[in-house]
Amino acid sequence: DVKVTQSSRYLVKRTGEKVFLECVQDMDHENMFWYRQDPGLGLRLIYFSYDVKMKEKGDIPEGYSVSREKKERFSLILESASTNQTSMYLCASSFRLPGLAGDGRGTQYFGPGTRLLVL
Amino acid sequence: ILNVEQSPQSLHVQEGDSTNFTCSFPSSNFYALHWYRWETAKSPEALFVMTLNGDEKKKGRISATLNTKEGYSYLYIKGSQPEDSATYLCAFIQGNDMRFGAGTRLTVKP
């Protein structure tokens, strides 16, 4: 079974703090993703990575950065947390990028999420 | 910008009822549609990957259909059970772009 784990289920931080969210997958997937989920909105892509040290901006990268030093680990960094970054953060991994595999290999496997509250 | 709409936003049904909900997406340049189930306090899990117009997929009491020409997919649950309570997400894929809908939150009352 694919397992994607995230370092924290709940996190409370203060405005201006630097925040690290860690994600680890154990299926040797090339691709990893960070999303945020807010009420009434679909999952929105922050960043994704298709290989070690490679990253691409998603739809809402502002205020975030990422790091992928090892294949299994993808970190999301909030350089200076703000209250509008209070959200649920989901990490995912996949064998192929969505557009390269309509046969299921683009399926994303998600972690349980980190609910971040920025005060 | 790809617009993926899911309706209804939430749904409450009694145990044993059958139900269905909709995912609407742009009908041009379709590549694939994914359905995911997200139970509270758990990770979203893939239900179906659908790629061809007219596709029908089934897993137990849950099935899905796809109409790429008119841009919609239906998810059906037959004889809903409390354990079906979850948020059901669809994700539309066009090129390497994957867009999620906001989900339909299903609550099945015993």
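A few points about this structure:
- Just one of (1) part of a loop (DSSP other than H, G, I, E, B); (2) within 13 Å of another protein chain (Cβ to nearest Cβ); (3) over 29 Å from B:S7 (Cβ atoms) fails for A:S93. It is (1).
- Some residue of the stretch B:23-32 being aliphatic (A, V, I, L, M) and within 11 Å of another protein chain (Cβ to nearest Cβ): yes
- Count of the stretch A:28-49 residues which are open to solvent by less than 10 Å² (accessible area, probe 1.4 Å) and of a type in the set (S, T, N, Q): 2
- Scanning the stretch B:44-54 for residues that are within 11 Å of chain A (Cβ to nearest Cβ) and loosely packed, with under 12 Cβ neighbours inside 10 Å turns up just one, B:L52.
- If you filter the stretch A:88-106 down to residues that are within 18 Å of A:G42 (Cβ to Cβ) and open to solvent by less than 10 Å² (accessible area, probe 1.4 Å), you find that the one that is modelled with the lowest pLDDT is A:P98.
Residue by residue, here is whether (1) under 24 Å from A:R115 (Cβ atoms); (2) touching a Pro at 6+ places or on another chain (Cβ under 9 Å); (3) surrounded by 18 or more Cβ atoms within 10 Å (Cβ to Cβ) holds:
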{"position": "B:N29", "(1), (2), (3)": "no, no, no"}
{"position": "B:Y36", "(1), (2), (3)": "yes, yes, yes"}
{"position": "B:K42", "(1), (2), (3)": "yes, yes, no"}
{"position": "B:E56", "(1), (2), (3)": "no, no, no"}
{"position": "B:G60", "(1), (2), (3)": "no, no, no"}
{"position": "B:K78", "(1), (2), (3)": "no, no, no"}
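- All positions within the stretch B:10-27 that are surrounded by 12 or more Cβ atoms within 10 Å (Cβ to Cβ) and part of a loop (DSSP other than H, G, I, E, B): B:E15, B:D17, B:F25, B:P26, B:S27
- Any hit, the stretch A:63-80, residues being within 14 Å of chain B (Cβ to nearest Cβ), closer than 11 Å to A:M32 by Cα, of a type in the set (F, W, Y) and buried (at least 17 other Cβ atoms within 10 Å of the Cβ): no
- Segments classed as strands (runs of 3 or more DSSP E), wholly inside the stretch A:1-83, with at least 3 members that are farther than 21 Å from B:W38 by Cα: A:44-51, A:54-57, A:64-70, A:73-78
- Across the stretch B:76-105, the qualifying residues are those that are closer than 11 Å to B:R37 by Cβ and assigned to a loop (DSSP other than H, G, I, E, B), and the one among them that is nearest to the chain's Cα centre (by Cα) is B:G103.
- Subset of the stretch A:47-95 [aromatic (F, W, Y) and more than 25 Å from A:E17 (Cβ to Cβ)]: A:Y50, A:F95
- Among the residues of the stretch A:13-59, those that are more than 14 Å from chain B (Cβ to nearest Cβ), of a type outside the set (G, A, S) and touching a residue at least 60 places away in the same chain (Cβ under 8 Å) comprise A:K13, A:R14, A:T15, A:E17, A:K18, A:V19, A:L21.
The values are calculated or read from the model by the stated rules, or taken from the named source; none is laboratory data. This is a predicted model, so every value here is computed, not measured. Glycine also receives a Cβ, built like all others from the backbone with ideal geometry; neighbour counts cover every protein chain displayed. We work out accessible area using only protein heavy atoms, side chains counted, and drop any ligands, DNA or RNA first. Shrake-Rupley method; radii C 1.70, N 1.55, O 1.52, S 1.80 Å.
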